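*Asks:* This is the structure, below, for whatever I ask next.
The values are calculated or read from the model by the stated rules, or taken from the named source; none is laboratory data. A quick note: this is a predicted structure, and the numbers were derived from the prediction, not measured. Every residue, glycine among them, receives a Cβ derived from its backbone with ideal geometry; neighbour counts consider all protein chains shown.
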């Protein structure tokens with residue numbers, strides 16, 4: 001989901017604004033914009049395996065007085081750690097010859113964390129920048145969103161942020177011409193289209209672009225929007241079709257909900273390689289990239305939910321999350337909520353699957369140790385504790401479910417989808433992508449009670465959704481739940497070959513026999529366990545030369561919560577899909 005539950009963690013979603021078409025490019029050029037001519041080529045070894053990417057670009061001179069330019073590379077922190085994917089063989093020249101660069105220094109801004117190289121002297125004329133970035137480790141010690149440069153299926157994949165070293169001015173817009181140099185018979189596709197492209201972009205928009213380059217497989221499911229196409233590296237044909245066909249149907253439901261014309265291009269990119277067991281997604285404008293582990297079941301409902309989540313990101317307007325992650329309650333909350341209700345309304349989940357997804361959402365919220373922390377405070381601790389990043393996703397989804405139910409209880413003809421579309425429309429017309437626009441919509445279209453509920457959610461007050469949340473097929477009820485607690489301090493994730501430390505005396509982990517110094521033998525995806533009220537965790541460990549299995553309930557205490565069940569006897573067989581209200585809101 002840019003999706004932490006099983007998914008793409010992470011809340012560094014950064015959806016780009018609409019990418020410029022050739023016509024828009026022609027209409028938006030100004031004399032002040034510098035030209036950036038970029039050439040990209042895979043670096044191949046003797047076996048024609050891609051080991052990195054070669055970058056060369058020419059930057060036209062500035063009209064400002066001569067200065068010492070600086071080049072910045074996103075470190076990908078805090079969600080990822082760069083390994084081998086560092087800038088190598090860096091060469092910069094201008095009209096006077098080679099330009100020496102000072103050693104890179106760290107720089108942190110609201111846009112991210114960067115390494116910055118600064119020229120040792122003022123430059124003259126156009127700058128020529130050339131370098132190589134090797135692919136990242138397939139299984140990094142810290143895995144965030146799938147934006148890093150990876151080898152897959154005989155080619156390269158990722159987001160441009162994984163390798164682009166750009167002028168250190170995030171707001172400056174350039175007239176970009178990007179050209180691919182690929183072996184015969186190969187192709188490149190990015191968020192901006194197939195092959196080479198031109199447009200006006202700043203560094204942030206360039207960084208956000210997703211891409212595949214190499215022996216890319218293409219697939220266009222029949223009977224769906226002309227603009228929807230699928231591209232993949234490293235995925236067998238049958239898995240490609242399985243993933244693509246469900247996604248095409250989900251795209252139709254979401255496209256209509258968010259009022260996207262059927263002819264608008266939409267690109268579903270898939271990369272598959274041996275990069276760890278957890279599937280993950282990353283969205284950009286009108287596109288997203290899915291990571292599928294090798295041998296993965298492309299028909300799993302968890303994967304479908306991830307795909308639906310990422311498509312929400314790519315089709316609606318998000319709120320900005322700078323200077324912290326305060327906007328994630330909306331950005332990730334809407335993606336979680338709509339990834340459940342829109343496919344359900346379209347008949348793409350069974351009643352049992354829908355129920356399980358809602359209860360997973362509930363467990364991630366009610367069993368979260370930080371559930372009472374305000375959104376403002378959460379931004380300060382989001383990356384400091386185990387799975388704190390889960391909270392805005394689940395909190396936001398339950399807030400929207402509660403709001404939708406209360407709209408019906410207040411006899412409103414509006415749905416949450418109507419309010420979200422109204423917010424997107426205001427942002428498209430120049431309103432700030434902040435809480436202020438959402439609250440203005442609530443004030444203008446709903447009333448004081450909705451503003452009060454929103455403030456309670458922002459303050460961290462417990463959400464117990466009203467009757468009818470998630471539709472008439474599910475019934476919610478209050479219950480007592482335990483707080484998710486692995487019972488040890490490190491590692492934060494259950495990672496293979498990591499040593500356990502900080503086992504809490506008297507915790508369930510301690511009672512089950514886990515000890516400091518035990519080495520975890522296998523990486524465990526704890527997201528599904530954290531998305532359950534009852535699942536045990538089974539951790540294979542090595543203690544000296546002895547292999548052991550430690551199993552226990554990773555929850556403690558008792559606090560108020562809610563869970564859902566199918567309403568009525570035999571509901572799973574005859575429960576209707578709740579499409580009426582959603583369909584009506586689409587047609588307004």
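*Asks:* Which count do you get for residues in the range 436-465 that are farther than 29 Å from residue 479 by Cβ, in contact (Cβ under 8 Å) with a residue 60 or more places away in the chain and surrounded by fewer than 16 Cβ atoms within 10 Å (Cβ to Cβ)?
*Replies:* Residues in the range 436-465 being farther than 29 Å from residue 479 by Cβ, in contact (Cβ under 8 Å) with a residue 60 or more places away in the chain and surrounded by fewer than 16 Cβ atoms within 10 Å (Cβ to Cβ): 0 in total.
*Asks:* Further question: Residues to consider are 568, 506, 544; find the one that is loosely packed, with under 13 Cβ neighbours inside 10 Å, modelled with pLDDT of 95 or more, more than 27 Å from the chain's Cα centre (by Cα) and not assigned by TED's automatic domain parsing to the domain that holds residue 356. Spell out how you get there, then give the answer.
*Replies:* Working: 568 fails: modelled with pLDDT of 95 or more; 544 fails: modelled with pLDDT of 95 or more.
Exactly one of 568, 506, 544 is loosely packed, with under 13 Cβ neighbours inside 10 Å, modelled with pLDDT of 95 or more, more than 27 Å from the chain's Cα centre (by Cα) and not assigned by TED's automatic domain parsing to the domain that holds residue 356, namely 506.
*Asks:* In the range 511-551, which residues are touching a residue at least 40 places away in the same chain (Cβ under 8 Å) and part of a strand (DSSP E or B)?
*Replies:* 537, 539, 541, 550
*Asks:* What are the residues in the range 86-100 that are buried (at least 17 other Cβ atoms within 10 Å of the Cβ) and farther than 26 Å from residue 148 by Cβ, if any?
*Replies:* If the condition is that a residue be buried (at least 17 other Cβ atoms within 10 Å of the Cβ) and farther than 26 Å from residue 148 by Cβ, then 94, 99 are the ones that fit.
*Asks:* Test of understanding: among 229, 177, 224, 146, which residue is part of a loop (DSSP other than H, G, I, E, B), surrounded by fewer than 23 Cβ atoms within 10 Å (Cβ to Cβ) and assigned by TED's automatic domain parsing to the domain that holds residue 85? Even if it seems obvious, please write down each step before you answer.
*Replies:* Working: 229 fails: part of a loop (DSSP other than H, G, I, E, B); 177 fails: part of a loop (DSSP other than H, G, I, E, B); 146 fails: surrounded by fewer than 23 Cβ atoms within 10 Å (Cβ to Cβ).
It is 224.
*Asks:* Answer with yes or no whether residue 531 is touching a strand residue (DSSP E or B) at 6+ places or on another chain (Cβ under 9 Å) and either surrounded by fewer than 18 Cβ atoms within 10 Å (Cβ to Cβ) or closer than 27 Å to residue 336 by Cβ (or both). Reasoning before the result, please.
*Replies:* Details: touching a strand residue (DSSP E or B) at 6+ places or on another chain (Cβ under 9 Å): no; either surrounded by fewer than 18 Cβ atoms within 10 Å (Cβ to Cβ) or closer than 27 Å to residue 336 by Cβ (or both): yes.
Judged against the criteria, residue 531 is not a match.
*Asks:* Does residue 36 qualify as being on the phi < 0 side of the Ramachandran plot and either out of contact with any helix residue (DSSP H, G or I) (no Cβ under 9 Å at 6 or more places or on another chain) or not assigned by TED's automatic domain parsing to the domain that holds residue 233 (or both)? Before you say what the answer is, go through the steps one by one.
*Replies:* Numbers: on the phi < 0 side of the Ramachandran plot: yes; either out of contact with any helix residue (DSSP H, G or I) (no Cβ under 9 Å at 6 or more places or on another chain) or not assigned by TED's automatic domain parsing to the domain that holds residue 233 (or both): no.
The answer is no for residue 36.
*Asks:* I'm checking my understanding of the structure. Among residues of the range 68-85 that are surrounded by fewer than 21 Cβ atoms within 10 Å (Cβ to Cβ) and touching a strand residue (DSSP E or B) at 6+ places or on another chain (Cβ under 7 Å), which one is farthest from residue 56 (Cα to Cα)?
*Replies:* The selected residue is 77.
*Asks:* Here is a follow-up. Return the residue satisfying two criteria in turn: it lies in the range 241-262 and is within 25 Å of residue 152 (Cα to Cα) and free of Cβ contacts under 8 Å to residues at least 40 places away in the same chain, and of such residues it is surrounded by the most Cβ atoms within 10 Å (Cβ to Cβ).
*Replies:* Restricting to residues being within 25 Å of residue 152 (Cα to Cα) and free of Cβ contacts under 8 Å to residues at least 40 places away in the same chain, the top hit is 244.
*Asks:* For the range 181-194, give me the residue count where each residue is closer than 16 Å to residue 53 by Cβ and under 26 Å from the mean Cα position of the chain (by Cα). Steps first, answer last, please.
*Replies:* Kept after step one, since they are closer than 16 Å to residue 53 by Cβ, are these residues of the range 181-194: 181-183, 186-190.
Narrowing further to those that are under 26 Å from the mean Cα position of the chain (by Cα): 187-190.
Qualifying residue count for the region: 4.
*Asks:* Those residues that are in contact with a strand residue (DSSP E or B) (Cβ under 8 Å, 6 or more places away or on another chain), farther than 17 Å from residue 248 by Cβ and modelled with pLDDT under 90, I need them from the range 285-297; list them, please. Give the steps one after another, and end with the answer.
*Replies:* Filtering the range 285-297 down to residues in contact with a strand residue (DSSP E or B) (Cβ under 8 Å, 6 or more places away or on another chain) leaves 286-294, 296.
Pick out the ones that are also farther than 17 Å from residue 248 by Cβ and you get 291, 293-294, 296.
Result: 296, single match.
*Asks:* Checking the structure you have, find out if any residue of the range 152-172 is farther than 28 Å from residue 107 by Cβ, surrounded by fewer than 24 Cβ atoms within 10 Å (Cβ to Cβ) and not assigned by TED's automatic domain parsing to the domain that holds residue 491.
*Replies:* If we filter the range 152-172 for residues that are farther than 28 Å from residue 107 by Cβ, which is where we start, we get 152-155.
Next cut, surrounded by fewer than 24 Cβ atoms within 10 Å (Cβ to Cβ) only: 153-154.
The next check asks that each one be not assigned by TED's automatic domain parsing to the domain that holds residue 491; those that pass are 153-154.
Yes, some residue in the range 152-172 is farther than 28 Å from residue 107 by Cβ, surrounded by fewer than 24 Cβ atoms within 10 Å (Cβ to Cβ) and not assigned by TED's automatic domain parsing to the domain that holds residue 491.
*Asks:* If you don't mind, another one. Condition (residue is under 22 Å from the mean Cα position of the chain (by Cα), part of a strand (DSSP E or B) and either modelled with pLDDT of 90 or more or surrounded by 24 or more Cβ atoms within 10 Å (Cβ to Cβ) (or both)) applied to the range 195-203: is it met by at least one residue?
*Replies:* Of the range 195-203, the ones under 22 Å from the mean Cα position of the chain (by Cα) are 201-203.
Keeping just the survivors that are part of a strand (DSSP E or B) gives 201.
Okay, now just the ones that are also either modelled with pLDDT of 90 or more or surrounded by 24 or more Cβ atoms within 10 Å (Cβ to Cβ) (or both), so 201.
Within the range 195-203 (the criterion being under 22 Å from the mean Cα position of the chain (by Cα), part of a strand (DSSP E or B) and either modelled with pLDDT of 90 or more or surrounded by 24 or more Cβ atoms within 10 Å (Cβ to Cβ) (or both)), the answer is yes, since at least one residue qualifies.
*Asks:* Another question, if that's okay. Can you confirm whether the range 176-198 contains a residue that is over 21 Å from residue 76 (Cβ atoms) and in contact with a helix residue (DSSP H, G or I) (Cβ under 6 Å, 6 or more places away or on another chain)?
*Replies:* Within the range 176-198, one or more residues are over 21 Å from residue 76 (Cβ atoms) and in contact with a helix residue (DSSP H, G or I) (Cβ under 6 Å, 6 or more places away or on another chain).
*Asks:* Oh, and also: Test residue 115 against the stated conditions and say whether it is modelled with pLDDT under 95 and outside any loop (DSSP other than H, G, I, E, B).
*Replies:* Values: modelled with pLDDT under 95: no; outside any loop (DSSP other than H, G, I, E, B): yes.
It is false that residue 115 is modelled with pLDDT under 95 and outside any loop (DSSP other than H, G, I, E, B).
*Asks:* Can you work out which of the residues in the range 420-432 that are in contact with a helix residue (DSSP H, G or I) (Cβ under 8 Å, 6 or more places away or on another chain) and surrounded by fewer than 22 Cβ atoms within 10 Å (Cβ to Cβ) is farthest from residue 465 (Cα to Cα)? Full working, then the answer.
*Replies:* Taking the range 420-432 as the starting set, the residues that turn out to be in contact with a helix residue (DSSP H, G or I) (Cβ under 8 Å, 6 or more places away or on another chain) are 420-423, 426-427, 431.
Of the ones still in play, those that are also surrounded by fewer than 22 Cβ atoms within 10 Å (Cβ to Cβ) are 421-422, 426-427, 431.
Numbers: 421: 22, 422: 23, 426: 27, 427: 28, 431: 30 Å.
Per the criteria, the residue is 431.
*Asks:* Shifting gears a bit: Only residues that are assigned to a loop (DSSP other than H, G, I, E, B) and either surrounded by 24 or more Cβ atoms within 10 Å (Cβ to Cβ) or touching a helix residue (DSSP H, G or I) at 6+ places or on another chain (Cβ under 9 Å) (or both): list them for the range 276-291, please. Please lay out each step first, then the result.
*Replies:* Applying the first criterion (assigned to a loop (DSSP other than H, G, I, E, B)) to the range 276-291 yields 276-279, 285-286.
Within the range 276-291, 278, 279, 285, 286 meet the criteria.
*Asks:* Of these, 61, 122, 103, 65, which one is assigned by TED's automatic domain parsing to the domain that holds residue 162 and surrounded by 15 or more Cβ atoms within 10 Å (Cβ to Cβ)?
*Replies:* Values: 122 fails: surrounded by 15 or more Cβ atoms within 10 Å (Cβ to Cβ); 103 fails: surrounded by 15 or more Cβ atoms within 10 Å (Cβ to Cβ); 65 fails: surrounded by 15 or more Cβ atoms within 10 Å (Cβ to Cβ).
After ruling out the rest, the residue left standing is 61.
*Asks:* Next up: Within the range 328-346, is even one residue touching a residue at least 12 places away in the same chain (Cβ under 8 Å), assigned to a helix (DSSP H, G or I), over 22 Å from the mean Cα position of the chain (by Cα) and not assigned by TED's automatic domain parsing to the domain that holds residue 307? Please lay out each step first, then the result.
*Replies:* Within the range 328-346, the subset touching a residue at least 12 places away in the same chain (Cβ under 8 Å) is 328-346.
With the extra rule that they be assigned to a helix (DSSP H, G or I), the set shrinks to 328-345.
Imposing the further condition that a residue be over 22 Å from the mean Cα position of the chain (by Cα) reduces the set to 345.
The next check asks that each one be not assigned by TED's automatic domain parsing to the domain that holds residue 307; those that pass are 345.
Within the range 328-346, one or more residues are touching a residue at least 12 places away in the same chain (Cβ under 8 Å), assigned to a helix (DSSP H, G or I), over 22 Å from the mean Cα position of the chain (by Cα) and not assigned by TED's automatic domain parsing to the domain that holds residue 307.
*Asks:* Just name the residue that is surrounded by the fewest Cβ atoms within 10 Å (Cβ to Cβ) out of those in the range 466-493 that are touching a helix residue (DSSP H, G or I) at 6+ places or on another chain (Cβ under 6 Å) and on the phi > 0 side of the Ramachandran plot.
*Replies:* 468
*Asks:* Within the range 263-274, can you find the residues that are closer than 24 Å to residue 317 by Cα and either free of Cβ contacts under 8 Å to residues at least 24 places away in the same chain or not in a strand (DSSP E or B) (or both)? Quick ask: steps written out before the conclusion?
*Replies:* Within the range 263-274, the subset closer than 24 Å to residue 317 by Cα is 263-270.
Correct list: 263, 264, 265.
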